[in-house]
Amino acid sequence: MQHGLLILPVLVPVLFWAAYHYHKDRHLPEPPGNLLLCFVFGVAAAALSKGLYMALEPVGLRLDAVELADTNGLALFAYAMLAIGPIEEASKMLPFMLFVMRFRAFDEPLDGIVYASFIALGYAAVENYHYLEYLSVWEAIARGFAGPVIHILFASIWAYWVTLACLEGRPIAGPAAKGFVLAAGLHGLYDYMVLRQPVSALPIAAAMIATIWIWRLRLMRRLHEDAVKGSDRP
């Protein structure tokens, strides 16, 4: 019972963001089984991410980002841009490319964002669970709601470009590469600013997240409206 209460800062935000995205996709909601499977993919992506980080250790590139933040800002920037961003976005993107795009219900642009968001939600849940022992209750609650947003936003970038190319019958290699580079770069830059924690950088990081959130919100609204109009045509 006590352990169950301890994981509430992880579980409650997962349910909140899952319900939020299910509501956003209310016109043609995705099968709940698909969404649950994507969440599981996200959990597996977190394990893959950990494996990729560990693979850096034999070649001396597995570094402590928190320690770098205190000792070497340039090294932290390089690590965030070349390791953190690429590893974490690649880990989430792989199951999307291998499995999600083959779902029978994967048939409209909004689907890619929703499915990628559930992968990101599973990834963030694992990440937040591992942080529980280091955080106070209120810190865990704050991270529980904020952590998924970060992963969801960056995953939405490559998911939209890949999904659009796929449904339009265009080659996906180019859009996938561009979306990945942009998402991984923004992810790395965000982590660098948050870990480094200069007073001037934190508002910039917050502004970055707010800008991507507004872009995503408007995009999802437009895609929903387009889907409704399309279904109303004779």
- [ ] Largest first and to the nearest Å, give the Cα extent of the chain along each principal axis.
- [x] 64, 47, 35
Task: Nearest 10 degrees, 0 to 90: helix 137-167 Cα axis against the chain principal axis - done: 50
Open item on the list: Give me the percent of accessible area attributable to carbon and sulfur for the chain, probe 1.4 angstrom.
Closed with: 68
TODO: Would you calculate a helix-derived [θ] at 222 nm for the chain, using -39,500 (n - 2.57) for each DSSP H run of n ≥ 4 and dividing by the full residue count, to the nearest 500?
DONE: -26500 deg cm²/dmol
Task: Where labels lie 7 Å past Cα in the beta-carbon direction, separation of Val40 and Leu217 in nm - done: 3.4
Open item on the list: If I take the Cα coordinates of segment 97-234 and project them onto the principal axes, what are the three extents in Å, biggest first?
Closed with: 55, 28, 27
Task: Nearest-ten-degree value, helix 85-98 long axis tilted from longest Cα axis of the chain - done: 30
Task: Spherically averaged projected area in nm², based on the convex hull that wraps the Cα atoms of segment 167-234 - done: 5.9
Open item on the list: Just to confirm my numbers, what's the Cα centroid distance between segment 155-229 and segment 53-82 in Å?
Closed with: 24
Open item on the list: Can you compute the equivalent ellipsoid semi-axes for segment 63-130, i.e. the square root of 5 times each eigenvalue of the Cα gyration tensor, sorted largest first and rounded to whole Å?
Closed with: 32, 13, 9
- [ ] Report the local net charge at Ala105: Lys and Arg +1, Asp and Glu -1, summed over other residues whose C-beta lies under 10 Å from its C-beta.
- [x] -3
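Once R0 is set to 30 Å, what does the formula 1/(1 + (r/R0)^6) return for the Cβ-Cβ distance between Ala142 and Ala207, expressed as a FRET efficiency to the nearest 0.05?
Working: r = 19 Å, r/R0 = 0.62.
Once rounded, the FRET efficiency stands at 0.95.
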Open item on the list: Angle check, please: helix 109-131 long axis (alpha carbons) against the longest principal axis of the chain (alpha carbons), in degrees 0 to 90, nearest 10.
Closed with: 30
Task: Under 27 Å from Lys24, Cα to Cα: lysines that are on another chain or at least 8 residues apart - done: Lys92, Lys178, Lys229
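The values are calculated or read from the model by the stated rules, or taken from the named source; none is laboratory data. Note that the structure is predicted; figures quoted are calculated from it, not measured. Cβ: placed from backbone, ideal geometry, glycine included. Neighbour counts: every protein chain shown. Calculation scope for accessible area: heavy atoms of the full protein, side chains included, ligands and nucleic acids excluded. Shrake-Rupley method; radii C 1.70, N 1.55, O 1.52, S 1.80 Å.
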